[in-house]
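This report refers to the structure that appears directly beneath it.
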Amino acid sequence: MTLDPSPRCGPVPQARSIGRANQSGPRARAALCALAASLALSGCGWFGGSKSEATGVVGSVRGFLGGVSAAEPRAALVARDILSGGGSAADAAVAAALALTVTLPSQAPLGGGGFCLVAIGSGRTRTVESVAFPAIAGAPDARIATPGIPRGLFALHARYGKLRWEQVVTPAESLARNGTQTTRALAIDVAAHAQRLAADPILRDTFLPGGRPIVEGDRLVQPQTAAALGVLRSRGPGDLHQGQFARAMAQSFAAAGLALPLDALGQGAVQLLPAIRVGEANDLFVGAAPAAGALATGQIFAALEGRWRATAPDDRPALLLSTAAAASRARAEWLRADLSSALPMGEAMAAARLRALAGAGGEFAAEPDAPGGTSLVVIDREGGAVACALTGHTPWGIARLPQGSAFLMAPAPVEGGADSRWLTVAIAMKDRSDVTFVGAASGGAAAPMALAQTALDTLQGRETLARALDAARMQVRPDGSIGVDGAGLLAALGARGYRAGEVPGGIARVQAVHCPDGLVASGATCRIETDRRGAGLAVGSN
């Protein structure tokens, strides 16, 4: 779709009031009040003081604003409002990501982690940088991860934002404190994991009031998360890791029999690195290790860039699979178990090495799946672009919210699952000066291939973005068979010797922007889309 002033989403049912998360009894209310009192939110606004020129008033900017695609509609609307107030793509991405911790905590809990790519600069020169903030194991025997999202988004804003820090945090805090209507994306996750949520008293009262899973349109209030976001707004992320708030969190987890040492909360650091350029006809940029999914996307795209257009559409799925298999084996040679690289990135992702992967075939290397997560992409009126993917490692993270704690945490990464390896983001430019494609995907091991396929179809195959996103996708199952979300591919893959079966419900979720003529050159020709397999929203203005 074109960038349109009105959001594309279905009608929202009449809201029904549900019990608040702190209505589980006097002890829970007392614990929450004590926590809030201990935080003593100042609201003094001493973060981002040098960014006071931009007002951030919604609707103050006219004309082309840019746009956003996110896997959850409320987060997309928050980002749109930030853009309409003069915010940059980074401002809007941070605001949307924080909103997702409220509106889709099942896939993007505040205690999770993620990766972003940012296109910055102006005029003839534009660069792409990678911001990695995974949730990590803060101690060797950790069961709960040290959060990456608060620090990562703070760093993203500090480096690339225009508005004040408080302005980009407040929308999410307001959604948590004042309540928001449950959207379809969250309702689906609540229904799918109702049994896990029912085991925790606070999560049960919040998401299954009266024993019934909340449904689309129900009003949702999350005062615990609001308290954490209030601290993040007024004090920055430091207090969530080492200050008074962190001490209260560690004590609440210890009281619940869950080990979360204060020292472990203080571990971790944001990684700011140059993005990795792959491809020759197009400049496609992907993230560096530990973003294994982004590296996989880059491998596949660079290998097939010169062959995709000349390959018949019916032959492309088999070519994609055989290339992805070769890429997985190559990756296994230099990507360690902890997702660090045994080779310099320039060598591991060298053009000649990647071209040799095209159609090489063979078996896929044994790599663990890590399903879940969510993604978003944003472009702004000045030619800036951000693509982010976030995760709590597993849906609903640890699915525990002890009394006195404030937000969902991710489990510590473990070998064979539960980590952020398959999150993938990519940005393409022409002449290294103008953005032509922005994409991000989540959904496990199928995500890198899905994003590579979308980029190849739009940048090389001359498909519209809508058609590229609607194309059937594939995934490699643990038993080596191929799962397909389009029945038309089954016979074609079977004829080529693949064991294939249909996967109901779709494979991976991609959010993307395609600007055929360039974002700076002609933003009005950009198309921004959300994957129809999900329940997200793409919105913008021209």
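The values are calculated or read from the model by the stated rules, or taken from the named source; none is laboratory data. Remember, predicted model here, so these are calculated numbers, not experimental data. Neighbour counts are summed over all protein chains in view; Cβ atoms, including those assigned to glycine, are modelled from backbone coordinates with ideal geometry. Accessible surface is based on the protein model in full, side chains and every heavy atom, while ligands, DNA and RNA are left aside. Shrake-Rupley method; radii C 1.70, N 1.55, O 1.52, S 1.80 Å.
Inspect all residues belonging to region 207-214 and state whether any of them is within 23 Å of Phe253 (Cβ to Cβ) and at pLDDT 95 or above. Yes, because at least one residue in region 207-214 is within 23 Å of Phe253 (Cβ to Cβ) and at pLDDT 95 or above. Residues of region 502-542 that are among the hydroxyl-bearing types (Ser, Thr, Tyr) and at pLDDT 85 or above: Thr525, Thr530.
Among the residues of region 280-314 satisfying the criterion of being of a type in the set (S, T, N, Q) and crowded, with 24+ Cβ neighbours inside 10 Å, which is farthest from Ala327 (Cα to Cα)? Full working, then the answer.
Applying the first criterion (of a type in the set (S, T, N, Q)) to region 280-314 yields 282, 297, 299, 311.
With crowded, with 24+ Cβ neighbours inside 10 Å added as a condition, the list becomes 297, 299.
Values: Thr297: 9, Gln299: 6 Å.
For region 280-314, the residue satisfying everything is Thr297.
Among the strands (runs of 3 or more DSSP E) confined to region 432-542, the ones with at least 2 residues that are among the charged types (D, E, K, R) are located at 527-530. Only residues that are touching a strand residue (DSSP E or B) at 6+ places or on another chain (Cβ under 8 Å) and not in a strand (DSSP E or B) were counted in region 416-430, giving 4.
Suppose we filter Gly236, Gly230, Gly217, Gly210 for residues that are surrounded by fewer than 22 Cβ atoms within 10 Å (Cβ to Cβ), in contact with a helix residue (DSSP H, G or I) (Cβ under 8 Å, 6 or more places away or on another chain) and more than 22 Å from Ala412 (Cα to Cα); which single one remains?
Values: Gly230 fails: surrounded by fewer than 22 Cβ atoms within 10 Å (Cβ to Cβ); Gly217 fails: in contact with a helix residue (DSSP H, G or I) (Cβ under 8 Å, 6 or more places away or on another chain); Gly210 fails: in contact with a helix residue (DSSP H, G or I) (Cβ under 8 Å, 6 or more places away or on another chain).
Residue meeting the stated conditions: Gly236.
Selection over region 326-358 of residues that are buried (at least 16 other Cβ atoms within 10 Å of the Cβ), in a loop (DSSP other than H, G, I, E, B) and more than 23 Å from the chain's Cα centre (by Cα) gives a count of 3. For Arg473, the test of being of a type in the set (Lys, Arg) and open to solvent by less than 50 Å² (accessible area, probe 1.4 Å) is passed.
The condition (being among the hydroxyl-bearing types (Ser, Thr, Tyr) and in contact (Cβ under 8 Å) with a residue 60 or more places away in the chain) is satisfied by just one residue among Thr464, Thr454, Thr458: Thr464.
Inside region 39-58, can you point out the residues that are within 30 Å of Gln107 (Cα to Cα), modelled with pLDDT of 50 or more and surrounded by fewer than 19 Cβ atoms within 10 Å (Cβ to Cβ)? Of everything in region 39-58, those that are within 30 Å of Gln107 (Cα to Cα), modelled with pLDDT of 50 or more and surrounded by fewer than 19 Cβ atoms within 10 Å (Cβ to Cβ) turn out to be Val57, Val58. Screening Ala399 with (1) at pLDDT 95 or above; (2) hydrophobic (A, V, I, L, M, F, W, C); (3) surrounded by 24 or more Cβ atoms within 10 Å (Cβ to Cβ) gives one miss only, at (3). A count restricted to region 162-179 and to residues that are farther than 17 Å from Val386 by Cβ, open to solvent by 50 Å² or more (accessible area, probe 1.4 Å) and not polar (S, T, N, Q) stands at 2.
Scanning region 122-150 for residues being in contact with a strand residue (DSSP E or B) (Cβ under 8 Å, 6 or more places away or on another chain) and either of a type in the set (A, V, I, L, M, F, W, C) or free of Cβ contacts under 8 Å to residues at least 24 places away in the same chain (or both) gives a total of 10.
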